[in-house]
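Student: Sharing a structure here in structure tokens format.
Just so you know, all these numbers are worked out from the coordinates, no wet-lab data involved. Being a predicted model, the structure only gives us computed values, none of them experimental. Don't worry about glycine lacking a Cβ; one is built from the backbone with ideal geometry, like all the others, and counts go over all protein chains shown.
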Amino acid sequence: MAEAQEKDVTKLSGAEKAAILMMSLGDETASQIMRQLGPKEVQSVGEAIANLTDVSRGMVNTVVGEFAETLGTLTSLGTSNEEYLRKVLRNALGEDKAESLIDRILLGRSSKGLEALKWMESRAIADFLRLEHPQIISIVLSYLEPEQSSEILELMPENMRTDLVLRIASLDGIQPSALNELDEILERQFSGESSNYRSSTVGGHKTAANILNFMDSAVEATIMEELKEVDEALGAKIEDLMFVFDNLKEVDDRGIQTMMREINSETLVMALKGADDELREKIMKNMSKRASEMLRDDLEAKGPVKISEVEEAQKEILAVARRMAEAGEISLGGADEYI
């Protein structure tokens, strides 16, 4: 019986494990944890809490034990000191990647007006931005998470989309005065206190590629086609930086195994319905024999599915991959990324 419970726990997503942990900690502690999460994380964990059923004591014990084990590997030192943060991230990520991440962290810490947008519905943001200057819109889209920005971009008038992607790709840092001015405009709309900014490196080719990655395939293809007509070299650069589902073939075996712990079986089956045999085998060889056999059976038993559902499942898995890559848990480039 205990073995069956263990297997159930291994199928839980990260959000489901977090939900079980928070429910076991009580309302007050769970509320404090929720206040530390971002909008997408709150939604993900909230949905997991709402959908959880038949959680046994054994599952709770296993999840709490796993959390305690992970916690035991961490130190109790905080990283509130800015210089310490810079030093650690530079050592871990290198100068270029660290500076970009540091700027985003520090910008997020003080950006009251911009931060408020993260909690708004994409349609409301699109309605708010539609009459703003395209350069303002491109800065906002560069600041928000790629998934949210892609939703907003799809809601923009069709004749604006390519121009906005061009502007995002061409951004080469934003002056503190410009960020302060933008934040003040937003704060007048949403209220809050203004803060001073350091320069930020939001925007650029990678930001444009990340946003396009989350867009509907047909819309993304149209934008890329128009983008290449305007600037073929820039379009090619962005295309090279885009990470699509098929690129999971380039993730090393350990990375695939790490990812599988964060992806529920239903999402995986739906996503693999649109994958070729090579990618399917790549995934299955990094699962236990029993799990891979179950996955193969589920794929064969699954009837016809909508392309939109397959794409949605693939985007969900890609979001997990990007998040884990940003956290340094996996490398999206496979062995070629290492030196």
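Student: Given charges of +1 on the Cβ of Lys and Arg and -1 on the Cβ of Asp and Glu, with all other atoms neutral, how large is the dipole of region 245-337 about its Cα centre, in debye to the nearest 20? The partial results should precede the final answer.
Tutor: Values: 15 positive and 22 negative charges, 56 e Å.
Its charge dipole is roughly 260 debye.
Student: Consider all pairwise Cα distances in region 245-337 and report the whole-number % of them above 15 Å. Show your work: numbers first, answer last.
Tutor: On the way: 2460 of 4278 pairs.
The share of Cα pairs beyond 15 Å in region 245-337 comes to 58 percent.
Student: I need the peptides 157-166, 125-134 ranked by packing, meaning the mean over residues of other C-beta atoms within 10 angstrom, with the highest value on top.
Tutor: Values: 157-166: 16.6, 125-134: 14.6.
Result, highest mean Cβ count within 10 Å first: 157-166, 125-134.
Student: Cα-Cα over 30 Å: which of K40/K289; K237/K285; K249/K302; K228/K282? Provide the component values of the computation, followed by the final result.
Tutor: Working: K40/K289 34 Å; K237/K285 33 Å; K249/K302 23 Å; K228/K282 33 Å.
Beyond 30 Å: K40/K289; K237/K285; K228/K282.
Student: Between region 286-335 and region 115-168, what is the C-alpha centre distance in whole Å?
Tutor: 28 Å
Student: Calculate the FRET efficiency for T267 and L131 from the Cβ-Cβ distance with a Förster distance of 35 Å, rounded to the nearest 0.05.
Tutor: Details: r = 38 Å, r/R0 = 1.08.
Working from the Cβ atoms, E equals 0.40.
Student: Please identify every one of the trypsin sites (Lys or Arg not before Pro) in region 220-287 that sits in a loop by DSSP and has no more than 16 other beta carbons within 10 Å of its own beta carbon.
Tutor: On the way: sites: K228, K237, K249, R254, R261, K273, R280, K282, K285; in loops: R261, K273, K285.
Within region 220-287, the qualifying trypsin sites (Lys or Arg not before Pro) (loop, at most 16 other Cβ atoms within 10 Å) are R261, K285.
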